[in-house]
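The values are calculated or read from the model by the stated rules, or taken from the named source; none is laboratory data. Treat the numbers as computed from the prediction; the structure is a model and nothing was measured. For neighbour counting, all protein chains shown are included, and Cβ atoms are generated from backbone atoms with ideal geometry for every residue, glycine included. SASA here: full protein model, heavy atoms, side chains in, ligands and nucleic acids out. Shrake-Rupley method; radii C 1.70, N 1.55, O 1.52, S 1.80 Å.
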Amino acid sequence: MLDQKVAALLNEQVNKEFYSAYLYLDFSIYYEETGLDGFANWYKIQAQEERDHAMLMLQYLQNNGAKVTLEAVAKPDKALTDKLEVLKLGLEHEQYVTSLIHGIYEAAYDVRDFRTMQFLDWFVKEQGEEEKNAEDLVKKMELFGEDAKSLYMLNSEMAARTYTAPSLTL
Ligand code: FEO
């Protein structure tokens, strides 16, 4: 059986990951409406990845005999008004999620829950990649966002992203 605190934090994280999916879907809608369909595609896929994260955590809880409780997913409430600022919000959000994952890891470490630590290793690495992706997007937009031709190319690059299932299986 999982430690109560660890299980509660993982259960909360299921909700946070669904929120991330919802937030990125909101980003996708924003970019679609501004005509940047490549960015819209990129964030729609990101939303799918976040849903995968939630499902992996849910499955892990179930595999370990923990009760899962689904809470309401909050409404995305960030004002999306600028193509660069939205990317910065994405980076901030990923940094926040990293802190949450580290918090669960710490709780698992405190009770020597090695299994959960091993499960979370994948998420720690994933967060490193997601922060890097978000940082790269901010940098690219800062560099090229004001030039129409470059922005067109950047948008095309974002349009090429395709969904791949997570490498972690349970
Ligand atoms: Fe589920 Fe973007 O971290």
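What do you reckon, is L91 within 12 Å of the ligand (Cβ to nearest atom), touching a residue at least 24 places away in the same chain (Cβ under 8 Å) and buried (at least 17 other Cβ atoms within 10 Å of the Cβ)? Judged against the criteria, L91 is a match. Residues in the stretch 129-147 that are acidic (D, E) and within 15 Å of the ligand (Cβ to nearest atom): E129, E130, E131, E135, D136.
When the stretch 26-52 is limited to residues that are of a type in the set (A, V, I, L, M) and free of Cβ contacts under 8 Å to residues at least 24 places away in the same chain, the one that is farthest from K75 (Cα to Cα) turns out to be A40. The set of residues in the stretch 107-128 being away from the ligand (no atom under 16 Å from the Cβ), closer than 22 Å to E94 by Cβ, touching a residue at least 40 places away in the same chain (Cβ under 8 Å) and not hydroxyl-bearing (S, T, Y) consists of A107, A108. Selection of the stretch 43-72 for residues being more than 14 Å from the ligand (Cβ to nearest atom) and either surrounded by fewer than 18 Cβ atoms within 10 Å (Cβ to Cβ) or acidic (D, E) (or both) yields Q59, Q62, N63, N64, G65, K67, V68, T69, L70, E71, A72. When the residues of the stretch 6-42 are filtered to those that are of a type in the set (D, E) and more than 11 Å from the ligand (Cβ to nearest atom), the one that is most open to solvent (accessible area, probe 1.4 Å) is E33.
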